[in-house]
Amino acid sequence: SKMFNYITYFQAFVEYGFALAGARAVSLSKTEEERNKIFSSITYSKILLTLVSVVAVAILSVTLAKTPTQTACMLILALMLVAEIFTQTWFLQGMEHMRPITVVSIISRSISTVLIFAFVKRPSDLLLYTVLFVATNLITGLLGTAVIVKKVKVKLVKLGFSDIKFALVDAWPLFTTSFASRVCSGFAITALGFFCSNAIVGGYSAVQKIPY
């Protein structure tokens, strides 16, 4: 729970408010060229933010993890940040073309849930659980990208740093709001992680998810 909580902070950092800012920009675009530029600027921005985040996660995995298994789990969870690069829900929302990604998400999450209940039986299966959980996000993200490339016909184009900077500045107000919300919602788990056992943190995290 503690490791996953840390990763959610970095996910909010990589997402950076693009879920709303990107959807708004795409919905207002009028040409394929504009959509390609929006898609490219946000994708390049996410890559930059992911590189920073992965380095930070690697440092945390070495300094905070207490066992080799925890270190491995933390590094595997970092792949969720890579998956965030391929998450194209924002683009499909802007294009009002949500059905394909919704179907893909439901199918991949259902398969992941079945596999987790079928193969994860003991505390020693933590690493396997992490792999199955992360695989769902990666598969959903990759299939989402395939959908917009083939059906919407969007592609990456060459941009300058000024375009990336504009995308980051444009989404900044939304980022500060969403990131603050994520930090506040996960602060209790983070604080408990410093003072209580893994069992207590895990129990609190499970109960907290019920109202969510």
- Message: Of the conditions (1) within 25 Å of V55 (Cβ to Cβ); (2) touching a helix residue (DSSP H, G or I) at 6+ places or on another chain (Cβ under 7 Å); (3) free of Cβ contacts under 8 Å to residues at least 40 places away in the same chain, L156 satisfies every one except a single condition; which number is it?
- Response: (3)
- Query: Going by the conditions given, is V183 loosely packed, with under 14 Cβ neighbours inside 10 Å and closer than 18 Å to L81 by Cβ?
  - Reply: yes
- Item | Filter result (open to solvent by 40 Å² or more (accessible area, probe 1.4 Å), of a type in the set (D, E, K, R) and part of a helix (DSSP H, G or I)) within segment 119-162 | K150, K151
- Determine, yes or no, whether V103 is surrounded by fewer than 17 Cβ atoms within 10 Å (Cβ to Cβ), in a helix (DSSP H, G or I) and hydrophobic (A, V, I, L, M, F, W, C). yes
- Is it the case that S205 is farther than 25 Å from K46 by Cβ, among the polar types (S, T, N, Q), at pLDDT below 85 and surrounded by 15 or more Cβ atoms within 10 Å (Cβ to Cβ)? yes
- Task: For T190, indicate whether it is open to solvent by less than 40 Å² (accessible area, probe 1.4 Å), assigned to a helix (DSSP H, G or I) and at pLDDT 80 or above.
- Result: no
- Filter segment 1-34 for residues that are more than 30 Å from Y129 (Cβ to Cβ), open to solvent by 50 Å² or more (accessible area, probe 1.4 Å) and either small (G, A, S) or part of a helix (DSSP H, G or I) (or both) and give the result. L20, R24, S27, L28, E32, E33, E34
- Report yes if some residue within segment 65-84 is touching a residue at least 24 places away in the same chain (Cβ under 8 Å) and more than 27 Å from T190 (Cβ to Cβ); otherwise report no. no
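Given the residues S61, S45, which is the only one that is modelled with pLDDT of 90 or more, in a helix (DSSP H, G or I) and hydroxyl-bearing (S, T, Y)?
None of the other options fit; the residue is S45.
The values are calculated or read from the model by the stated rules, or taken from the named source; none is laboratory data. The structure presented is a predicted model; accordingly, all values stated were derived computationally and were not measured. Counting neighbours? That spans all protein chains shown, and the Cβs are built from the backbone with ideal geometry, glycine included. When the accessible area is computed, the model is the full protein with side chains, heavy atoms only, and any ligands, DNA or RNA have been set aside. Shrake-Rupley method; radii C 1.70, N 1.55, O 1.52, S 1.80 Å.
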